[in-house]
1. Below 12 angstrom from the Cβ of L159, what's the summed charge of the other residues (Lys, Arg +1; Asp, Glu -1)?
2. Rounded to the nearest whole Å², what accessible area per residue is found for region 117-159 with the 1.4 Å probe?
3. Using the basic label-point model (7 angstrom from Cα toward the beta carbon), what is the A151 to D126 distance in nanometres?
4. Which net charge results when you count Lys and Arg as +1 and Asp and Glu as -1 among the other residues whose beta-carbon is under 9 Å from that of E187?
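The values are calculated or read from the model by the stated rules, or taken from the named source; none is laboratory data. Every value quoted in this text rests on a predicted model; they were computed, and no experiment measured them. Counting neighbours? That spans all protein chains shown, and the Cβs are built from the backbone with ideal geometry, glycine included. Surface accessibility is based on the protein's heavy atoms, side chains included, excluding ligands, DNA and RNA. Shrake-Rupley method; radii C 1.70, N 1.55, O 1.52, S 1.80 Å.
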Amino acid sequence: MSDSRKLYRKIADSIAAEIESGRYKPGDRLPTERELALQYGVSRPSLREAMIALEILGLIEAKHGLGITVSNKKQRAPAFTDAEIGAFELIEARRLLEAEVAALAATLISEEQIAELEALVQKMGDADPVAAEKADREFHILIAQSTGNGALTTCVENLWDWRYHSPLARNVLARAADLGMNDRIAEHTDILTALKNRSVAAARQAMHEHMDRVIEHLLRATEMVAVENARKASSERRMAVATRMKALKKGR
């Protein structure tokens, strides 16, 4: 019987099995990301997806200066279902689909719809992140709607909204929410310009480049986990030292 598990699940399950078997014990450092990618023959995004899944499940943690270590917390087997979608594979699917949707839209979009897209790009600069994300979603869906193909529109809507139903995707995308906000405006403006020019090739390319940069933002966001943990630990140490110094001064 063929193994139908998603690639990141296969990696996560394999590492979890090695942890549970005792090959990697609590506190042990895992091989580097590069070494694991070579070992499993996978790309950075696929490996990162697996590591995030293990982190969410409490099996591993990022420690500054130590890399990824096996957690000292009580370990449990991965509980993600086959319906779980990771952020990287979600964006990869959107990249493939929405590039062709944009290419088709370049030949069919109306002037009225272009004006609506312009207004949505402006709304993406809203200080309220909820309003900015709403405008982003509407921008992509409107491009799909401009093709007049209901199946494509539904696919784009479903791929976008999957982030709200998938704990794994939601976790990663939330980490990346504050990255690349200025890029968001510029990238969507490039897509809009290509649609205005009715250029099939430029619309496809602009959407590809936008999704490629989203993937880069996700990689940056997940790389920052160890830095955030280190900052938190450093802050806690500073507070502890300050508390001790206060106690010493009072004791004089």
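1. That works out to -1.
2. Result: 48 Å² per residue.
3. Distance between label points: 3.3 nm.
4. -1
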